[in-house]
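Sending over a structure as C-alpha cells; questions will come in a sec.
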Amino acid sequence: MTDQDHIVRKAGLTYDDWRYVARQVRRKCDLHPAAKPKRLPRVLTADQFRTFYRAVDEADDIQHALMLRLLFYTAVRVSELCNIEVADVDLENCKIRINQGKGSKDRFVLFGKSFATALRTHIAAHPQNRWLFQTRRCGKFSTRRVEQIVKKYALESGVHATPHTFRHQAITWLTRNAGMADAELQLITGHARRETLSVYQHVAVDGALADKYEAAMKEVDLQIQLVAWAARSSPRPARLGCKGSNTEAAERQRGAGGAVPAPTSPSP
C-alpha cells in the first residue's frame with residue numbers, strides 16, 4: 001500500500017475529497033504542471049483535399065466514400081463515427097445524434113441536404129444494418145480499420161492524412177466560411193472548452209481574414225513611402241572619370257577614416 005492509499009483509506013476520502021486535498025497541496029507548495037506545447041493542427045491544401053477524395057471515388061467503394069465524407073461534413077472523431085447507429089440518423093432534419101462522445105457527452109452534428117439523399121439511399125439498401133457503417137461480419141468498424149482506410153487513400157493520393165485530419169479540416173472550413181459564433185461551433189464539434197477553438201482561428205488566417213488584413217493595410221500609405229525611400233537611398237551608378245561622383249566621394253571619406261553617411265529618413 002502506498003502512502004497515498006494509506007491517507008485516503010485512513011481519512012475515508014471520496015474522489016472529490018482527494019481532488020480537493022491535492023489541489024490544496026499544489027497551492028500551498030506552489031506546484032504547477034509543466035506547460036504543454038500548443039501546436040497548430042495540420043490541414044490539407046485545397047488541391048490535396050480534392051486529390052484525396054478523387055482517389056476515394058476512383059476506388060468505387062460507396063461505403064468508404066460515404067464514411068470519409070461524413071468525417072468531414074460532421075467533424076466527428078473517428079471513435080464517434082464508428083459508434084453511429086442507423087437509429088441515430090435523422091434524415092429529415094439532417095442531423096446525427098452522437099451518444100457518449102468524448103467526455104461522456106451527447107450532442108448532435110449536422111450534415112447537408114444533398115448528403116442526406118446519399119445517406120438515405122445507403123440506409124435503404126441495407127435495411128437490416130444496426131450500424132450506419134457496418135462490416136461484412138455485421139459489426140461496426142473499428143477505429144483502427146478506419147485509420148487503415150484513410151491511410152490507404154492518403155498513400156494513393158500522395159498526401160499525409162489521418163481520420164482526425166478531416167475533423168481539423170471541417171472546423172477550419174467552418175471557422176473561415178460559416179460565420180458561426182464560437183458557442184455555436186462548440187455545440188457541433190463537442191469541444192469541452194471554447195478556448196480550444198481559438199487555434200482554428202490561426203489555421204484559417206489564410207482565408208477571408210488575410211483578405212481583410214490586406215484590404216485594411218492598403219489604406220496605410222507606408223508602402224508608398226517605403227518604395228520612394230528605397231528608390232532615393234539606392235546608390236546611383238557613377239560615371240567613370242567624373243570628379244565628385246558618389247563613389248569617389250565615399251572612397252575619399254573612407255580613406256580619411258570617416259564613415260559613409262546613412263540615407264536620411266523619410267519625413268513622416
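The values are calculated or read from the model by the stated rules, or taken from the named source; none is laboratory data. All values derive from a computational prediction rather than experimental measurement. Every residue, glycine as well, gets a Cβ built from its backbone with ideal geometry; the counts of neighbours run over all protein chains shown.
Mind listing just one residue for me: the one in the stretch 11-59 that is in contact (Cβ under 8 Å) with a residue 24 or more places away in the chain and charged (D, E, K, R) and, of those, nearest to residue 169 (Cα to Cα)?
We begin by selecting, within the stretch 11-59, every residue in contact (Cβ under 8 Å) with a residue 24 or more places away in the chain; these are 38, 40-44, 48-49, 51-52, 54-56, 59.
Next cut, charged (D, E, K, R) only: 38, 42, 54.
Details: 38: 18, 42: 8, 54: 16 Å.
Selected residue: 42.
A follow-up question, please. State which residue pairs qualify: first residue assigned by TED's automatic domain parsing to the domain that holds residue 91 and closer than 13 Å to residue 84 by Cα and inside the stretch 115-136, second residue among the basic types (Lys, Arg) and surrounded by 12 or more Cβ atoms within 10 Å (Cβ to Cβ) in any location, beta carbons under 6 Å apart, and separation of 6 or more residues or different chains.
Taking only residues 6 or more apart or on different chains, the pairs are 131/140.
Might you check whether a residue that is closer than 16 Å to residue 83 by Cβ, surrounded by fewer than 13 Cβ atoms within 10 Å (Cβ to Cβ) and modelled with pLDDT under 80 occurs anywhere in the stretch 186-197?
Step one: of the stretch 186-197, the residues closer than 16 Å to residue 83 by Cβ are 190.
Right, trim to surrounded by fewer than 13 Cβ atoms within 10 Å (Cβ to Cβ) and you get none.
Checking the stretch 186-197: not a single residue is closer than 16 Å to residue 83 by Cβ, surrounded by fewer than 13 Cβ atoms within 10 Å (Cβ to Cβ) and modelled with pLDDT under 80.
Taking residue 91 as the residue in question, decide whether it is surrounded by fewer than 19 Cβ atoms within 10 Å (Cβ to Cβ) and out of contact with any Phe, Trp or Tyr (no Cβ under 8 Å at 6 or more places or on another chain).
Working: surrounded by fewer than 19 Cβ atoms within 10 Å (Cβ to Cβ): yes; out of contact with any Phe, Trp or Tyr (no Cβ under 8 Å at 6 or more places or on another chain): yes.
Yes: the conditions hold for residue 91.
On to the next question. Would a scan of the stretch 17-27 turn up a residue that is in contact with a Phe, Trp or Tyr (Cβ under 7 Å, 6 or more places away or on another chain) and among the aromatic types (Phe, Trp, Tyr)?
Of the residues in the stretch 17-27, the ones in contact with a Phe, Trp or Tyr (Cβ under 7 Å, 6 or more places away or on another chain) are none.
Scanning the stretch 17-27 turns up no residue that is in contact with a Phe, Trp or Tyr (Cβ under 7 Å, 6 or more places away or on another chain) and among the aromatic types (Phe, Trp, Tyr).
Report, by residue number, each residue of the stretch 123-149 that is farther than 14 Å from residue 62 by Cα and within 27 Å of the chain's Cα centre (by Cα).
141, 142, 143, 144, 145, 146, 147, 148
When you go through (1) modelled with pLDDT under 90; (2) more than 19 Å from residue 133 (Cβ to Cβ) one by one for residue 101, which number turns out not to apply?
(2)
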